[in-house]
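*Asks:* Before I ask anything, let me first share the structure, which is written out below as structure tokens.
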Amino acid sequence: MAEPGRIIFVHGASSSGKSTLARGIQARIELPFWHISIDHLRDAGVLPTARFKSGDFDWKAARRPFFDGFHHSLAAYAGAGNNLVLEHILDTAGWMDDLVALFAPFDVFFVGVHCPLPLLIERERARGDRAIGSAEQDFHSIHVGKSYDFEVRTDADAEENVARVIAAWRGRTGDSVFRRLAEGRG
């Protein structure tokens, strides 16, 4: 049986710089890590996105089973011994609790990604692939009540943030936020 994978969980608002940070970590860290996100599934055509947009299918009805499956797949990947750099937005009630339970067997390093609101709005508009306003909505909600093992601001130098996250991951002592939550020591 393979040794369980490790998870570096990069959490922040839409357009905050999670993908840039995750790609940088994957490129520089000394172990093989998968970089995985919902965007990868969407962009690969896993979802029938055009049919959701056209109204053929109801995204609201499909959203919960999609994300439940995604979350369980992450635990399966790590359980098979794969290291993950996960970028995700915990924007739905219950997801944090679900992932704490699913990730209980794994070493999880939870990274909070912060970006000033004006820069988030600018990035969201420049991307053109997000509903305008989602970054601002995330900005005001997704970090509320969350504690992290490490935090970065993405208005700082991207390469420096990558180096800081890797150094913090290597130099950790004590239990991670996810471990404390799994053991009821929140």
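*Asks:* Determine the relative contact order of region 103-186: mean sequence separation of Cα pairs under 8 Å and six or more apart, normalised by residue count, in whole percent.
*Replies:* 45
*Asks:* Rounded to the nearest 0.05, what FRET efficiency is calculated for residue 47 and residue 2 with R0 set to 25 Å and r the Cβ-Cβ distance?
*Replies:* Once the sixth-power term is evaluated, E becomes 0.30.
*Asks:* Starting from the amide H of residue 84, placed 1.01 Å from N in the peptide plane, find each other amide H under 5 Å away whose residue is 5 or more places distant or on another chain.
*Replies:* It is 6, 7, 8, 34, by chain and number.
*Asks:* In whole Å and largest first, what semi-axes does the C-alpha gyration tensor of region 14-86 yield when each eigenvalue is scaled by 5 and square-rooted?
*Replies:* Output for region 14-86: semi-axes of 27, 16, 9 Å.
*Asks:* Test of understanding: given the chain, find the longest segment containing no GluC sites (Glu not before Pro) that are in a DSSP loop and have at most 13 other Cβ atoms within 10 Å.
*Replies:* Answer - 31-182.
*Asks:* Taking the chain as a Gaussian network, where each spring joins two C-alpha atoms under 10 Å apart, which residue of 168, 61, 156 fluctuates the most?
*Replies:* Of 168, 61, 156, the Gaussian network model singles out 61 as fluctuating most.
*Asks:* Here's something else I'd like to know. Once Rh for region 23-132 is found with the Kirkwood sum over Cα pairs, what is the Stokes-Einstein diffusion coefficient at 25 °C and 0.890 mPa s, in µm²/s?
*Replies:* 152
*Asks:* Also, I was wondering about something else. Enumerate the amide H contacts of residue 153 below 5 Å, restricted to partners 5 or more residues apart or on another chain; note that Pro and chain-start residues carry no placed amide H.
*Replies:* For residue 153, the qualifying residues are 114.
*Asks:* For the chain, take N as its residue count and report Rg(C-alpha) divided by 2.2 N^0.38 Å.
*Replies:* My calculation over the Cα atoms of the chain gives 1.02.
*Asks:* Rounded to the nearest percent, how much of the accessible area of the chain (1.4 Å probe, protein heavy atoms only) is carbon and sulfur?
*Replies:* With neighbouring chains kept in place, the figure for the chain is 53 percent.
*Asks:* Another one. If all Cα-Cα distances of region 3-53 are sorted into 10 Å bins from 0 onward, what percent lands in each bin, rounded to whole numbers?
*Replies:* Cα pair-distance distribution for region 3-53, in percent: 20, 43, 29, 8, 0.
*Asks:* Enumerate the calculated ³J(HN,Hα) couplings along region 84-96 in order (Karplus 6.51 cos²θ - 1.76 cosθ + 1.60, θ = phi - 60°), each rounded to whole Hz, writing x wherever the residue is Gly or Pro.
*Replies:* Whole-Hz 3J(HN,Hα) from phi for region 84-96: 10, 9, 9, 10, 7, 10, 7, 10, 10, 3, x, 5, 4.
*Asks:* Counting heavy atoms of the protein chains only and a 1.4 Å probe, report the per residue accessible area for region 34-87 as a whole number of Å².
*Replies:* 56
*Asks:* Still on this structure, I have one more. On alpha carbon coordinates alone, what is the Rg over Rh value for region 72-141, Rh being the Kirkwood radius?
*Replies:* 1.05
The values are calculated or read from the model by the stated rules, or taken from the named source; none is laboratory data. Computed from a prediction, not measured in an experiment: that's the story for all the values here. Cβ atoms come from the backbone with ideal geometry, glycine included; neighbour counts cover every protein chain shown. Calculation scope for accessible area: heavy atoms of the full protein, side chains included, ligands and nucleic acids excluded. Shrake-Rupley method; radii C 1.70, N 1.55, O 1.52, S 1.80 Å.
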